[in-house]
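To keep things clear, I will list the structure first and then write my remarks on it.
The values are calculated or read from the model by the stated rules, or taken from the named source; none is laboratory data. What you see is a predicted model, and the numbers here were worked out from it, not measured in a lab. In this analysis, Cβ positions are derived from the backbone assuming ideal geometry, glycine residues included, and neighbour counts consider all displayed protein chains.
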Amino acid sequence: MSGRAGRVLRAAIPLGFLGVFFVWPVAAIIGRSLTAGALHDVFVDRGLRHVAWFTLWQAVAATGLTLAVGLPAAYVVARYEFPGRRLFRAFVTVPFVLPTVVVATAFLVLFRPGGALSFLGWQRGVAPMMVAEVFFNVAVVVRMVGGFWSNLDPHRTDAARVLGASRGRAFREVTLPLLGPAIMAAASIVFLFTFTAFGVVLLLADPAHATLEVEIYRQGVQLFDLPVAAALALVQMVGVVALLATMARMQERRAVTQRLVAARDAARRPRGGERWVVAGVLGATTLFLGGPLVVLAGESVRVGGSWSLAAYRALGSASTDTLFVPASDALVNSLGFAALAACIAVVVGGLASVVIASRPGRATRAMDTLLMLPLGTSAVTVGFGFLVALDRWPLDLRAKTILVPIAQSVVAIPFVVRAVVPAIRSIDPRLRDAAALLGAPPRRVWREVDLPIALRAFTVGFGFAIAVSLGEFGATLFVARPDSPTIPIAISRFLARPGALNVGQAMAMSTILMVVTGAVVLAIEQVRVRQLGEL
Amino acid sequence: MLAVERALVRFGTASAVDGVDLEVGAGETVAVLGPSGCGKTTLLRAIAGLQPLDAGQVTWNGDDLAGVPAHRRRFGLMFQEYALFPHRDVGGNVAFGLRMAGVNRTERDRRVGEVLDLVGLGALRDRRVAQLSGGEQQRVALARTLAVEPRLLMLDEPLGALDRPWRERLLGEFRELLDRTGLPAIYVTHDHDEAFALADRVVVMRAGRVVQAGPPADVWSRPADPWTAAFLGFAPPVPARCTAGGVETPWGVLPVGVSGDGRVQVVLRPDALRLDPSGPIAAKVSRCSFAGEHADLEVDAGGPAIRLRVPYRDAPDVGDIVALAVEPDGVLVYPAD
């Protein structure tokens, strides 16, 4: 695959995939229910304008807070060697993949009267919602920025220090600009998540505060006003496209080819006062991210106010009228779907990344934006769109189980792209020239140079894709068949039923998902280290 | 062997390589000499097939290489700053080209060992490239290039980033290597000492064009123009006038056979003047600096300061009045601007 034909093919696969499994379903929903009147209502109605404004400012605020919490942890993980470093990196990722329902419930437990943080008086409102949003998204900052940071040559900061810059100045003038593309990428993803936040807003904010996504759900599912829901979905998408286009442009302009060094060379043991900084950052981050998880696990072994393993025992029993199948099936389903979805996402997203990274320009920027779009689209819309658009010739997939990993991969592709594109852009182009002169044809150059060097980024993308698929809820809810639920679906079914045992089972399953996710993420870290010890 | 004819490479409206002709014969080493930004690296990339030509052609034994991609040209290029693969160890870097050529493992191992021994790095085979010193990286890059037995060797500022002992040592090794292998080579540098020491022929480039080509001795003794002379480290030109007895300069009339009359420029080659008690030019020593077995003098003979190099034991003191004799061959006369 070289030359023009190869490029076209590499671009055609991701575009075709996204076209069939994203654009078409979403267009179908919007095309069938959008009316001019509804669009007019959305812009004139003060209440809906308020929703749009709230959506925007809470997303900006939450993104800022997430960076404030995540960057210190990213720094520590990237620059310092400490016992349990790999474990910490994996641990940070766990909150990100927990189903929103579970996290929201964990925070409700923390903030409710009698809960550990009840003194804050944040039972329901904007504050606990923000805290939950930050909790979710810290992983994005730590993984994306930390991954890039660990590859930055520390000698450049040394150079600035020698030229008379203080530590803070050197950071501001050298490290920060070089980290720019990675921070931008992470911030854009966090912004998208918080802009389209659903579960945490629905469950943690007071009813007076709703994001567009919640409003789409209310209008479409509770009030059955599909035209308004479609209009809102359109407004949300336009906002997201505008943002993504800006981000892609900035990222392209700021990508700097730079010398990457081995992560092991860059990281060192903290010295003197640094030990306190490292310990402080690790401690605070662990407490913030671990606290709710501990509460969650604690709840799973407390049924009706007393300690008991009843919830786990109930999960083990084969007969449950809530799930129709043994709970272990949900686990197997989740793992299988996630593996498949991540593979699809890595292939499709990887091809797209190669195209995007190799030829900067208007066309690839548009492609970048299109690939990021699923992040900013209502999961409700995507899932519903699958049912509406894919139920007839030429693509009748409605009853097929394959729809689940496909839907999940659509959501996961942006992660792969955001992880891989900066890595490929950072490869010194002379390495490719050197390989060519040593006799490597273009495709071989890609395999021998780009792939191994970007493998770390691919692995990070793959890990994220797995994690996203494991926790995906909104779209899966629509396309999963009743007899093949995933863990998040099972949890929501347990939560929807009354009774302490059902709540306990939900908590137990959440705990299992938490453990499984942690294990998957840790395994990927291991692979990464073994294969890339050299880099 | 290699012939480049009227090569043209444009970046936007600017021409990085502007109608360059270049030939490299069997076993010949050609140095391309010029300041940074003169287009020498672009020329190498064009020969390698990494940079398409906008006009002109590159041929090998008469065959046009336009349709031959870089990976099939079998030209070796050692990159400035080496471009070693960071994800492979020393052995992996050197074996790369052999793997591309489909050489089997046993043969590959043997050949890698051989080439690493050749550059004196046999013991570092399993080392990561990031752990190597600049000089070692340079040798790995050389070994990587040589392992595939290219039919042409191109070196882009190979000693640029190295400290002096390494430079001198490697310069000698290059010379020996090129003699021994008989590989035709193009050596790109901005350092005329390197170019003169190594090359059979020197091509001087300025702003994308070749300003002079010839054996090192010719280039040094007759630079094509004052710019080239200045680039070789000669003193700046001074305005002069042709007269019957030679050229009239601020230092007096220098006895050079010139025809015609009118305004010219004169550049003094470093060997144009020498200390000679019976010489016609009187000058006062204004500076004397120690340079090993030599001393570099700066003398005042009325016009711009004159520099000359003398054996250290003959060096006069600052303030002494010395007499200078003129070596007519070293007085370079160029048309006025």
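Counting only residues that are surrounded by fewer than 18 Cβ atoms within 10 Å (Cβ to Cβ) and either touching a strand residue (DSSP E or B) at 6+ places or on another chain (Cβ under 8 Å) or at pLDDT 90 or above (or both), the stretch B:126-141 holds 2 of them. Annotation: B:Q138 fulfils all but one of (1) touching a residue at least 40 places away in the same chain (Cβ under 8 Å); (2) under 30 Å from B:R10 (Cα atoms); the unmet one is (2).
Residues of the stretch B:35-74 that are at positive phi and surrounded by 14 or more Cβ atoms within 10 Å (Cβ to Cβ): B:G39, B:G49, B:G56, B:R74. Does A:E472 satisfy the criteria of being away from chain B (no Cβ under 14 Å), under 30 Å from A:L309 (Cα atoms) and modelled with pLDDT under 85? So A:E472 fits the description; yes. Just to be sure, is B:L116 under 28 Å from the mean Cα position of the chain (by Cα), away from every other protein chain (no Cβ under 13 Å), at pLDDT 90 or above and buried (at least 21 other Cβ atoms within 10 Å of the Cβ)? Criteria met by B:L116. Looking at the structure I just gave you, is B:A55 more than 19 Å from B:T189 (Cβ to Cβ) and without any contact (Cβ under 8 Å) to a residue 24 or more places away in the chain? Answer is no for this residue. Restricting attention to the stretch A:179-211, the residues being surrounded by fewer than 18 Cβ atoms within 10 Å (Cβ to Cβ) and in contact (Cβ under 8 Å) with a residue 24 or more places away in the chain number 2.
Within 20 Å of B:V211 (Cβ to Cβ) and at pLDDT below 90, is that true of B:G37? For B:G37, the condition - within 20 Å of B:V211 (Cβ to Cβ) and at pLDDT below 90 - is met.
For the stretch B:78-113, the tally of residues that are more than 8 Å from chain A (Cβ to nearest Cβ), touching a helix residue (DSSP H, G or I) at 6+ places or on another chain (Cβ under 8 Å), surrounded by fewer than 21 Cβ atoms within 10 Å (Cβ to Cβ) and within 14 Å of B:E149 (Cβ to Cβ) stands at 4.
Restricting attention to the stretch A:373-400, the residues being in contact with a Lys or Arg (Cβ under 9 Å, 6 or more places away or on another chain) and modelled with pLDDT of 80 or more number 1.
Scanning the stretch B:119-136 for residues that are within 9 Å of chain A (Cβ to nearest Cβ) and small (G, A, S) returns a single hit, B:A130. Of the strands (runs of 3 or more DSSP E) lying entirely inside the stretch B:228-337, those carrying at least 1 residues that are within 27 Å of B:A213 (Cα to Cα) and free of Cβ contacts under 8 Å to residues at least 40 places away in the same chain are B:306-311. Test A:F82 against the criterion of being aromatic (F, W, Y), under 23 Å from A:G518 (Cβ atoms) and not in a helix (DSSP H, G or I), and give yes or no. Judged against the criteria, A:F82 is a match.
Scanning the stretch B:142-189 for residues that are within 14 Å of another protein chain (Cβ to nearest Cβ), among the basic types (K, R) and buried (at least 17 other Cβ atoms within 10 Å of the Cβ) yields a total of 1.
The criterion of at least 2 residues that are of a type in the set (K, R) and either closer than 23 Å to A:A284 by Cα or at pLDDT below 85 (or both) is met by the following helices (runs of 4 or more DSSP H) wholly inside the stretch A:122-221: A:155-162, A:167-170. Remark: pairs (first residue in the stretch B:26-52, away from chain A (no Cβ under 11 Å) and free of Cβ contacts under 8 Å to residues at least 24 places away in the same chain; second residue assigned to a loop (DSSP other than H, G, I, E, B) and of a type in the set (D, E, K, R); Cβ separation under 6 Å; 6+ apart in sequence or on different chains) are absent.
Take A:A412 and tell me if it is out of contact with any Lys or Arg (no Cβ under 8 Å at 6 or more places or on another chain), more than 11 Å from chain B (Cβ to nearest Cβ), at pLDDT below 85 and under 20 Å from A:V520 (Cα atoms). No, not satisfied. Here the condition is being crowded, with 19+ Cβ neighbours inside 10 Å, more than 14 Å from chain B (Cβ to nearest Cβ) and at pLDDT 80 or above; of A:T486, A:T517, A:T459, it holds for A:T486 alone. Is it the case, given these coordinates, that A:R425 is of a type in the set (K, R), within 12 Å of chain B (Cβ to nearest Cβ) and touching a helix residue (DSSP H, G or I) at 6+ places or on another chain (Cβ under 8 Å)? Judged against the criteria, A:R425 is not a match. Once the stretch A:230-251 is narrowed to residues that are more than 17 Å from A:H50 (Cβ to Cβ) and of a type in the set (G, A, S), the residue that is modelled with the lowest pLDDT is A:A248. The number of residues in the stretch B:70-94 that are part of a loop (DSSP other than H, G, I, E, B) and either at pLDDT 90 or above or among the small types (G, A, S) (or both) comes to 3. Among the residues of the stretch B:177-194, those identified as more than 17 Å from the chain's Cα centre (by Cα) and not basic (K, R) are B:L177, B:D179, B:T181, B:G182, B:L183.
When we screen A:L431, A:L438 for residues that are in contact with a strand residue (DSSP E or B) (Cβ under 9 Å, 6 or more places away or on another chain) and within 13 Å of chain B (Cβ to nearest Cβ), the only hit is A:L438.
Does B:V68 meet the test of being aliphatic (A, V, I, L, M) and either more than 24 Å from A:D450 (Cβ to Cβ) or more than 14 Å from chain A (Cβ to nearest Cβ) (or both)? Taking the combined requirement at face value, the residue does not satisfy it. The residues of the stretch A:92-114 that are free of Cβ contacts under 8 Å to residues at least 24 places away in the same chain and not aromatic (F, W, Y), listed by number, are A:R112, A:P113, A:G114. Here the condition is being surrounded by fewer than 24 Cβ atoms within 10 Å (Cβ to Cβ) and either touching a residue at least 40 places away in the same chain (Cβ under 8 Å) or more than 14 Å from chain B (Cβ to nearest Cβ) (or both); of A:F478, A:F494, it holds for A:F478 alone. Taking the residues in the stretch B:250-270 that are within 23 Å of B:R309 (Cβ to Cβ) and either at pLDDT below 90 or surrounded by fewer than 13 Cβ atoms within 10 Å (Cβ to Cβ) (or both) as candidates, determine which candidate is nearest to the chain's Cα centre (by Cα). Within the stretch B:250-270, the match that is nearest to the chain's Cα centre (by Cα) is B:P270.
When each of B:L116, B:L153 is tested for being part of a helix (DSSP H, G or I) and of a type outside the set (G, A, S), the lone residue that passes is B:L116.
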